[in-house]
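The values are calculated or read from the model by the stated rules, or taken from the named source; none is laboratory data. Treat the numbers as computed from the prediction; the structure is a model and nothing was measured. Positions of Cβ are backbone-derived with ideal geometry, glycine not excepted, and every protein chain shown enters the neighbour counts.
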Amino acid sequence: MATKQQVEEMLEQVIVPTVLRSVKDMNLLRSIEIAGDRVRIVLADVALAPDAREWLRKDAEEKIRVLDGVDALTVEFEPSIPKEINKIDRAIAVMSGKGGVGKSVVSALLALALTREGRSVGILDADITGPSIPKMFGITWRPSGSESALLPVTSKTGIEIMSINLLLPNEDDAVIWRGPIISQSIQQFYEGVLWGRLDYLVIDLPPGTGDVPLTVMQSIPLTGVIITFTPQNLTTMVVKKAIKMAQQLNVAVIGVVENMSYFLVPETGSKIEVFGESKAPMMAKAVGAPILGRLPLDPELARLCDQGRIEAYESDAFQSFREAVSRVLETLPRT
């Protein structure tokens, strides 16, 4: 007679179409019942179109029938919604308060750093009017799903991504919505998308302290925020407004990242602080949080972002950032 453990091991090989993660990783497995040579498996049907359900049924039957002692097998689906299925250990928002400081780049690099540490990661692109995450990852295809929910798209390295740009007819179409509609769309991206089991969900916030950051901080159980800034005095002044917003809403600041901190001269290895002296120590002291990284102005990073190949990025600064992220974020409590 087959055991539940054997059946679960086989289900780890049953891959959900388009997201390329198993039914276990997506947390779709509801129950396994074994009675003698009979096995009954129940999966959640959330975000699965009829053809996707049929694919999973056949794939599961194929793999489980090879087990000794399985003569009769049924694979059934039960109605469900993403909110019942999603299991996200930590949700981290990347914010600034100031536009143009590289929040999306930091969000992408944060997700990439965690993925390289073996973590399951998703990115919720909350910058509805200025989304750039899909472009950096080279994603142009639309998400699939059902009438009740959407499946995120999956990047080359396995990062799950949801962005308004994936739902527009053209990537350069303008989103001309008022604040309340934008806020509703953010809630829908969180509650109406099947993220499955994730170690981390990175939320790329738009600049400022308006509707979207407020919606995210009040309606999504955040582990904390990472503050992104550049060295200019004007930027740090505006960014402090975002810090105060997080503090007033009792959201922890878990680290700071200084972007465009310097330019590394290739020929000499010397650092030129193009935008002035680093403000990272001052910002870290102001919020009582560690410096996660000082990222340089790097033409290679810009080139890879433009080509949709940010996942190929490597540098000493990114390696230091990756190590700091792993060291700090792994100590945070799970939600």
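Closer than 30 Å to G210 by Cα and basic (K, R) - does that describe any residue in segment 65-80?
The initial filter retains those residues of segment 65-80 that are closer than 30 Å to G210 by Cα, namely none.
No - not one qualifying residue is present in segment 65-80.
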Within segment 61-76, take every residue that is part of a strand (DSSP E or B) and of a type in the set (V, I, T) and give me the one that is farthest from S31 (Cα to Cα).
T74
Please identify the pairs in which a residue from segment 312-326 that is in contact (Cβ under 8 Å) with a residue 12 or more places away in the chain has its Cβ atom under 7 Å from the Cβ atom of a residue that is of a type in the set (G, A, S) and surrounded by 14 or more Cβ atoms within 10 Å (Cβ to Cβ), counting only partners at least 6 apart or on another chain.
A317/G293; S320/G293; F321/A113; F321/G293; R322/A113; A324/G293; V325/A113
Every residue from segment 28-44 that is buried (at least 21 other Cβ atoms within 10 Å of the Cβ) and either charged (D, E, K, R) or not in a strand (DSSP E or B) (or both):
L28
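Among A286, A302, which is of a type in the set (A, V, I, L, M), at pLDDT below 95, over 11 Å from E258 (Cβ atoms) and in a helix (DSSP H, G or I)? Explain how you work it out, then say what you get.
Details: A302 fails: at pLDDT below 95.
Criteria check complete, one pass: A286.
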Can you list the helices (runs of 4 or more DSSP H) found entirely within segment 77-183 that contain at least 1 residues being among the hydroxyl-bearing types (S, T, Y)?
103-116
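Out of the residues in segment 305-332 that are part of a loop (DSSP other than H, G, I, E, B) and among the charged types (D, E, K, R), state the one that is nearest to G158 (Cα to Cα). Reasoning before the result, please.
Taking segment 305-332 and keeping what is part of a loop (DSSP other than H, G, I, E, B), we get 308-309, 313-315, 330-332.
Then drop every residue that is not among the charged types (D, E, K, R), which leaves 309, 314, 330.
Values: R309: 13, E314: 18, E330: 20 Å.
Among those residues, the one meeting the criterion is R309.
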Residue tally, condition under 32 Å from the mean Cα position of the chain (by Cα) and in a loop (DSSP other than H, G, I, E, B), over segment 262-275
4
Within the set of pairs 6 or more residues apart or between chains, which connect a residue that is without any contact (Cβ under 8 Å) to a residue 40 or more places away in the chain inside segment 203-219 to a residue that is of a type in the set (S, T, N, Q) with Cβ atoms less than 7 Å apart?
D211/S183; T215/S183; T215/Q187; S219/Q187
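Provide a single number: the residues in segment 233-286 that are acidic (D, E) and in contact with a Leu (Cβ under 9 Å, 6 or more places away or on another chain). Lay out the reasoning, then the answer.
Initially, segment 233-286 is screened for residues acidic (D, E), giving 258, 267, 273, 277.
Checking the rest, the ones that are also in contact with a Leu (Cβ under 9 Å, 6 or more places away or on another chain) come to 258.
Count: 1.
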Is at least one residue of segment 261-273 acidic (D, E), buried (at least 23 other Cβ atoms within 10 Å of the Cβ) and either assigned by TED's automatic domain parsing to the domain that holds G102 or farther than 30 Å from L168 by Cα (or both)?
no
Within the set of pairs 6 or more residues apart or between chains, which connect a residue that is buried (at least 22 other Cβ atoms within 10 Å of the Cβ) inside segment 111-127 to a residue that is part of a loop (DSSP other than H, G, I, E, B) and polar (S, T, N, Q) with Cβ atoms less than 6 Å apart?
D125/S163
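Give the residue, chosen from K63, K103, K58, K98, that is without any contact (Cβ under 8 Å) to a residue 12 or more places away in the chain, farther than 18 Å from P152 by Cβ and either outside the structural domain of D316 (by TED's automatic domain parsing) or of a type in the set (K, R) (or both). If you could, list the steps in order and put the result at the bottom.
Numbers: K63 fails: without any contact (Cβ under 8 Å) to a residue 12 or more places away in the chain; K103 fails: without any contact (Cβ under 8 Å) to a residue 12 or more places away in the chain; K98 fails: without any contact (Cβ under 8 Å) to a residue 12 or more places away in the chain.
Within the list K63, K103, K58, K98, the selection yields K58.
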Answer with yes or no whether R197 is among the basic types (K, R) and within 20 Å of T18 (Cα to Cα).
yes
